[in-house]
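Below you'll find the structure, written out as structure tokens, and then a few comments.
Since every read-out is calculated from the coordinates, none of them should be taken as a lab result. None of these values were measured; they are calculated from a predicted model. Neighbour counts are summed over all protein chains in view; Cβ atoms, including those assigned to glycine, are modelled from backbone coordinates with ideal geometry.
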Amino acid sequence: MNYVIDPPAVPSLPVIGEESRFPVHRIYCVGRNYAAHAIEMGHDPDREPPFFFTKPADTIVPSGSTIPYPLATADLHHEIELVVALREGGVNIPAAEALDRIYGYAVGIDLTRRDLQGEAKKLARPWCAGKAFDRSAPCTAIRSAAEIGHPDNGRIWLAVNGELRQEGDLNQLIWKIPEMIEYLSGLFELAPGDLIFTGTPAGVGAVAKGDAITGGVEGVTDIEIRIS
Ligand code: MN
């Protein structure tokens, strides 16, 4: 195949214990999926239907990266999240069959330009500028489900310069992973290579140039990035 300009590289993540990489197709993100975070953002923690937004696949940056402070914001926030990586897609996937479609799990940070997101919310505009900006999806290598199973509990945490900011447990997810996949696959045709960021626990906050961000999910892995 010839192209009139050079085609972009396929975004991908390493897989722990494998030489081959995991190609990233799409990135879906779930909003307000821990009650304590819904409350801190001023929302009712009751179980409303889940809602989703997306980030382009090329917003992935590997753990260990130094990320330049993004354009056009003065309020860059961290959101630590468990990330699901799909090996198989489909539409209208029943929750009972959802775990079989999962290749593995990673730990990501849903970086958010909170000021731009807040403005969009106020004006009932889309969240793209707040959520889907360059390098907004730092993510670790993937641990395969064949190795670690399907985590449904375990500590999820994030620290800035060694100070604990976010802490929760996967058992606090309002929409569990199989339910999330069932719901999401009723909206979009899921595909191999899709990632799902599953929401963040309470304690989101701002980071500044020079900050070191560390975090992790018990039983999965740890992430670290730096902001420059
Ligand atoms: Mn998030």
Could you tell me which of rounded, prolate or oblate describes the stretch 76-207, using a ≥ b ≥ c as the square roots of the eigenvalues of the alpha-carbon gyration tensor, with rounded for a/c under 1.5 and, failing that, prolate when a/b is larger than b/c and oblate otherwise?
oblate
If Glu224, Glu163 are placed from fewest to most neighbouring beta carbons inside 10 Å, the sequence is Glu163, Glu224
Treat the stretch 94-166 as a sphere of radius equal to its Kirkwood radius over Cα pairs and apply Stokes-Einstein at 25 °C in a medium of 0.890 mPa s; give the translational diffusion coefficient in µm²/s, rounded to a whole number.
161 µm²/s
Take Val207, Val83, Val10, Val15 and order them by how many other Cβ atoms sit within 10 Å, fewest up front.
Val10, Val15, Val207, Val83
Connecting every pair of Cα atoms under 10 Å apart in the chain and solving the GNM, the largest mean-square fluctuation among Ile174, Ile80, Ile109 falls on Ile174
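First check a/c for the stretch 1-145, with a ≥ b ≥ c the square roots of the eigenvalues of its C-alpha gyration tensor; if it is under 1.5, answer rounded, and if not, answer prolate when a/b is larger than b/c or oblate otherwise.
oblate
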For each of Ser185, Ser12, count neighbouring Cβ atoms within 10 Å of the residue's Cβ, then give the residues from fewest to most.
Ser12, Ser185
The distance between the Cα centres of the stretch 156-228 and the stretch 90-155, in whole Å, is 7 Å
Mind checking which aspartates and glutamates have their Cα closer than 19 Å to the Cα of Lys209? Skip sequence neighbours fewer than 8 apart in that chain.
Asp75, Glu79, Asp110, Asp115, Asp134, Glu163, Glu224
Check cross-link reach from Lys122 to the lysines: straight Cα distance under 16 Å, and skip same-chain residues fewer than eight apart.
Lys131
Extension gain from Glu179 to Leu123, taking 0.36 nm per residue of separation minus the Cα-Cα distance:
17.1 nm
By the scheme Lys and Arg +1, Asp and Glu -1, what is the net charge of all other residues having a beta-carbon under 13 Å from that of Leu82?
-4
Rounded to the nearest 500, what is the 222 nm mean residue ellipticity of the chain from helices alone, with -39500 (n - 2.57) per DSSP H run of 4+ residues and division by all residues?
-3500 deg cm²/dmol
Cα-centred dipole magnitude for the chain, charges only on beta-carbon of K, R (+1) and D, E (-1), debye, nearest 20
580 debye
Would you mind calculating the relative contact order of the stretch 12-227 from Cα pairs under 8 angstrom and at least 6 residues apart, reporting the percent as a whole number?
33 percent
Through the Karplus equation 6.51 cos²θ - 1.76 cosθ + 1.60, θ set to phi - 60°, convert the phi angles of the stretch 39-56 into ³J(HN,Hα) values in whole Hz; use x for Gly and Pro.
5, 5, 8, x, 10, 6, x, 4, 7, 7, x, x, 10, 10, 9, 10, 10, x
